[in-house]
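Read the structure below first, then the notes.
FYI, it's all coordinate maths here, none of it is from the lab. Bear in mind the structure is a predicted one, so any value in this text is a computation, not a measurement. Here the Cβ positions follow ideal geometry from the backbone for every residue, glycine too, while neighbour counts run over all protein chains shown.
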């Protein structure tokens, strides 16, 4: 049981509209999407402006799908529909209650950064599961809805919690960090992405560093070493410099030598790519802060999964498909394109999607990325942000991924070729482009 009914009643008792449920022992899960309901869940319907649609319209569907209870700020005409003044506030109350009920010995890690948050969170969860009961965010639940939902789903006996905290507007990270109340806060990196709503890069950096605001009294801050000069308070670092608390050298493929404190270790990464080394180092910096066994963590890291759309590799009919379709920024684009050029001995092809939320940096960033893409055997640019650069460089370009004739594209591939797809989330991911490309390759073999 995730939440006993009496615990829900205790948390929500201050709400003037609250009425405790009868004849229901508790709930086994929490959902804000009625399509995800499983038997025994609590459904919390949210409404605009914090959600695109009014979830109250789907209360009956949630109950029909097996929800034990549902909250509502609009109706109370069913014994399983519990009235509250605000479903958003109720979700936040549940999140705060979940954090408070943990043991004082529980370690809670909050992660932010411009790139790689989900990979770091996934790897840390994989590692920490070997040390104790671990809970974390799902997918990329890192905003004003995802963070409280992830907290509300946290079991009371959790020993290690790992949560992503994201932002694309000033002032978003601090309240989320204070909600998570981390014992360890990690700023993986700060890059000029999601910068469109910030006055400057420094403003973006300060927003990321505000993750420390929620740290518990004995909490620890871990930073990429490049950020150290911007943070006057106590912190530990990871980076390439030998002065960093965790640093690496001798990178070759998926292998590297890494120093944690004063001890050196051979590191086997779970995937190729120099851009993943800082993520691995950040993992080990957390393990060091937790005073857990480093070698055990390194052994587990070697088998850690990659989140879907972040570099997953598969072989289909002699063609290697690299799925980087979930997200993109100028730095990750550069790393991925350079790594692609080292894969296998066959031809290398890339389908590049435009990058979003770059503000005034967008034209030059797209030009630089396209110049790298053009060095491969073929490059296809997707999105109007590539328009001017593609025309100047004589690179094929379309405005939307649906404009690509996949049958024709696949017909030009040969056994031994590698194809990488990388772009911002809205370019490929929301249109299930990788599924279509994958199926077209299967049909052609």
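A few comments on the model shown:
- Alpha carbon centroid spacing (whole Å) that separates segment 119-177 from segment 301-336: 22 Å
- Inverse of mean 1/r across different Cα pairs in segment 174-244, Kirkwood, Å: 12.7 Å
- Packing here is the average count of other Cβ atoms within 10 Å per residue, and on that basis the peptides 104-117, 58-71, 227-240, highest first, run 104-117, 58-71, 227-240.
- Using a Förster distance of 51 Å, the FRET efficiency for residue 20-residue 394 (Cβ separation, nearest 0.05): 0.15
- Computed from the alpha carbon atoms alone, the convex hull of segment 92-229 holds 100 Å³ per residue.
- Neighbour-count order for 216, 320, 87, fewest beta carbons within 10 angstrom listed first: 216, 320, 87
- A simple spin-label model places the labels of residue 403 and residue 218 5.9 nm from each other, with each point 7 Å out along Cα-to-Cβ.
- Annotation for segment 92-116 versus segment 247-294: alpha-carbon center distance of 25 Å.
- Residue 343-residue 295 FRET efficiency (beta carbon distance; Förster radius 25 Å; 0.05 resolution): 0.25
- Descending principal axes extents, segment 3-94, alpha-carbon based, whole Å: 31, 26, 23
- Coordinate range along principal axes, alpha carbons of segment 357-421, Å, largest first: 40, 24, 21
- Value of relative contact order over segment 3-94, rounded to a whole percent, pairs C-alpha under 8 Å and six or more apart: 27 percent
- Contour minus Cα-Cα distance for residue 197 and residue 1 (0.36 nm per residue): 66.4 nm
- The per residue volume of the convex hull around the alpha-carbon atoms of the chain is 155 Å³.
- Cα Rg over Rh - segment 312-444, Kirkwood: 0.93
- Virtual spin-label span in nm between residue 54 and residue 33, 7 Å along Cα→Cβ: 2.2 nm
- With only Cα atoms counted, segment 297-336 has Rg and Dmax values of 12.6, 36 Å.
- Working note: Cα gyration tensor of segment 329-385, eigenvalues times five, square-rooted, sorted largest first, giving semi-axes of 22, 11, 8 Å.
- Solution diffusion estimate, µm²/s, Stokes-Einstein, segment 28-76, Kirkwood Rh from C-alpha pairs, 37 °C, viscosity 0.692 mPa s: 315 µm²/s
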